[in-house]
Amino acid sequence: MKLQEFTQRIVGLQNKLYRFALHLTGQKAEAEDVVQEVMLRIWNKREERSRFDNLEAFCMRMAKNICIDQLRSKQRGYLDIEKAAESIDNQNPLEIASYHDTYQHIQKMVAKISIKQRMILQMREVEAMSYQEIADILEISLAQVKVNLFRARNQIREQLIELEQYGLQNY
């Protein structure tokens, strides 16, 4: 792989890798380090690129593994979901406060689900990846992707319903 091909194929994935790493690590500096590490490793393996069926999936898997290694080394169990849009147009202060309150509750709910479910939820809902791409990246079966996504959505849905019906809980 020459520099021009690397620039076209791999550097174009930088933003996607950064968003994914930011979601998993929860910190900008760590996410940047993860992306830099992925780029460096891919550059060092540029002669072996023919053995990879899907280079994007390989990069995402590598980013996932680096993030998990970082999380294990820090023994952190909390990950933030990607920030929602900051601007809320044409809404009164009560709607804006309600939106932010709900968003904070959802963040706490997502933080309580397993790391595998959080990764799958991030890749499917934020990155808009297909089930097969997620399965390839996480090295799990397609059925496991669907089951984990279903369980994550249900758990968050049930907690939101409970919050709406019974008011504030310990979220």
(message) Take the conditions out of contact with any Lys or Arg (no Cβ under 7 Å at 6 or more places or on another chain), modelled with pLDDT under 80, aliphatic (A, V, I, L, M) and surrounded by fewer than 11 Cβ atoms within 10 Å (Cβ to Cβ) and apply them to Leu3. Does it pass?
(response) yes
(request) For residues that are under 14 Å from Leu24 (Cα atoms) and in contact with a helix residue (DSSP H, G or I) (Cβ under 7 Å, 6 or more places away or on another chain), scanning just the range 88-113, find the one that is modelled with the highest pLDDT. (result) Ile113
(message) Checking the condition surrounded by 15 or more Cβ atoms within 10 Å (Cβ to Cβ), touching a helix residue (DSSP H, G or I) at 6+ places or on another chain (Cβ under 7 Å) and not charged (D, E, K, R), which residue from Gln122, Gln155 passes?
(response) Gln122
(message) Which pairs turn up if I take residues in the range 112-133 that are polar (S, T, N, Q) and look for partners that are at pLDDT 90 or above with beta carbon separation below 6 Å, at least 6 apart in sequence or on another chain?
(response) Gln117/Asn148; Gln117/Ala152
(message) I need the full set of residues from the range 6-18 which are surrounded by fewer than 16 Cβ atoms within 10 Å (Cβ to Cβ) and modelled with pLDDT of 85 or more, in order please.
(response) Gln14, Asn15
(request) Specify the residue that is surrounded by the fewest Cβ atoms within 10 Å (Cβ to Cβ); the eligible residues are those in the range 128-152 that are modelled with pLDDT of 90 or more and in contact with a Phe, Trp or Tyr (Cβ under 9 Å, 6 or more places away or on another chain). (result) Leu142
(request) Might you let me know whether the range 71-87 holds any residue that is more than 28 Å from Gln117 (Cβ to Cβ), at pLDDT below 80 and out of contact with any Leu (no Cβ under 6 Å at 6 or more places or on another chain)? (result) yes
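The values are calculated or read from the model by the stated rules, or taken from the named source; none is laboratory data. Everything quoted here is computed from the prediction, not taken from an experiment. For neighbour counting, all protein chains shown are included, and Cβ atoms are generated from backbone atoms with ideal geometry for every residue, glycine included.
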